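Everything on this sheet refers to the single structure shown next.
The values are calculated or read from the model by the stated rules, or taken from the named source; none is laboratory data. These numbers were taken from a predicted model, which means no experiment stands behind them. Note: ideal-geometry Cβ built from the backbone for every residue, glycine included; neighbour counts use all protein chains shown. We work out accessible area using only protein heavy atoms, side chains counted, and drop any ligands, DNA or RNA first. Shrake-Rupley method; radii C 1.70, N 1.55, O 1.52, S 1.80 Å.
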Amino acid sequence: MKKGWHKYLVYLSLGFLIFALYKADYLHIPHIHSYPYLCLSFTLLFLGFLGQVWSWHAVLAQSTYKADYLPSLVGTGLSVFTKFIPGKIMVIVGRAAYVAEHYQYPVSQLSMLSLNTQLIALWSGLCVGTSGLFFLEGFDRWRWLILSLFMVLSIFIFVPQAYQLLEKILSRLLKKNIQLPKIDPRAVIKVLPVFFAYWLCWAAAFYCLAKALSPEFIAIAAGLSFPLAVTLGIMAIIAPGGIGIRESVIVGCLTLAGSALSDATTISVSSRLWFLVGESFIFLVGFVGHRYLKRD
């Protein structure tokens, strides 16, 4: 693989980011009712992003491809906007490619570990996000969709036979022996607390954001709608970055939690710009880290 190719991926992702946000017209600054809650929301948001990096680092630590935290952070930060490239596969390959290039690891193996990390993130995000629905009326309309997604992810994460079947299918299609790196289910259990920690951090951050933007009562369960919305947005392959889908889920959960439709819409749309600030934070930290690693 050509050295430094990831920088072109960064440029491409930034272009798709600008286009997607311009087309969606989400760049509006809302009225702020509580600046202390807003500052707290950004603090928790940034901590959540650092926790997300730690989850990738923890998965690598459980594999044969060890990596320090800084390269894991740089790979995650520089590839954070690749999710706006349609198909979203580049967000998985991007962070893997950086670590692979830094340590001279095979990028194909690192990409599969990155995919494993994404599956665990989706599974844990569904767990955290769905827990909030139990406190809301109208859970029945979501039940079968969430349960189906949860079961599929559980099979791929905790059932080794599922990966063995995928290996056989790929081996026949490609006409060569394919061995996919798989995290042992016991290792998954070890890293799960890190995943749950950053999802809960983001849930608390979103709750503080909602309190900052609305003078009305905000149910604590409403904060848990954010992990659910992000997870479902990631699973939406067609929409770049989950734009539109995430907002719809947030509005639905907030209204079920008792928020007025106008408040729910404002919070939902504003959360896109708010989360973009968090993504810009981890991107800039990754950029600075990349410059530091290049200097060494």
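By accessible area of protein heavy atoms, probe 1.4 Å, what ranking do Ser280, Ser225 get, highest first? Spell out each step's value before the answer.
Working: Ser280 45, Ser225 5 Å².
If we order Ser280, Ser225 from most to least accessible, we get Ser280, Ser225.
Considering only C-alpha atoms, what is the centroid distance from segment 252-296 to segment 39-96, in Å?
One Cα centre to the other: 14 Å.
Put a dot 7 Å past each Cα toward the Cβ at Phe158 and Tyr103; how far apart are the dots in nm?
2.8 nm
Rounded if a/c is under 1.5, else prolate if a/b is larger than b/c, else oblate: which is segment 42-125, with a ≥ b ≥ c the root eigenvalues of its Cα gyration tensor?
Details: a/c = 1.43, a/b = 1.21, b/c = 1.18.
It comes out rounded by the Cα gyration axes.
Given the pairs Lys83/Lys168; Lys66/Lys190; Lys83/Lys294, which span a C-alpha to C-alpha distance of over 27 angstrom in this model?
Among Lys83/Lys168; Lys66/Lys190; Lys83/Lys294, the Cα-Cα distance tops 27 Å for Lys83/Lys168.
Determine the order of Val288, Val107 by accessible area, beginning with the largest, at a probe radius of 1.4 Å.
Val288, Val107
With the crude spin-label approximation of a point 7 Å out along Cα→Cβ, what separation in nm comes out for His33 versus Ala260?
0.9 nm
Could you rank Tyr105, Tyr292, Tyr35 by how accessible they are, 1.4 Å probe, largest area first? Before the final figure, lay out each step's value.
Details: Tyr105 60, Tyr292 105, Tyr35 140 Å².
The most accessible residue leads, giving Tyr35, Tyr292, Tyr105.
To the nearest 10 square angstrom, how much accessible area does Val230 have with a 1.4 angstrom probe?
Roll a 1.4 Å probe over it and Val230 shows about 10 Å².
Provide the packing ranking of 62-71, 214-223, i.e. peptides ordered by the mean count of other C-beta atoms within 10 Å per residue, highest first.
Packing proxy ranking, top to bottom: 214-223, 62-71.
Can you give the accessible area of Met90 in Å² (nearest 10), computed on protein heavy atoms with a 1.4 Å probe?
The accessible area of Met90 comes to roughly 50 Å².
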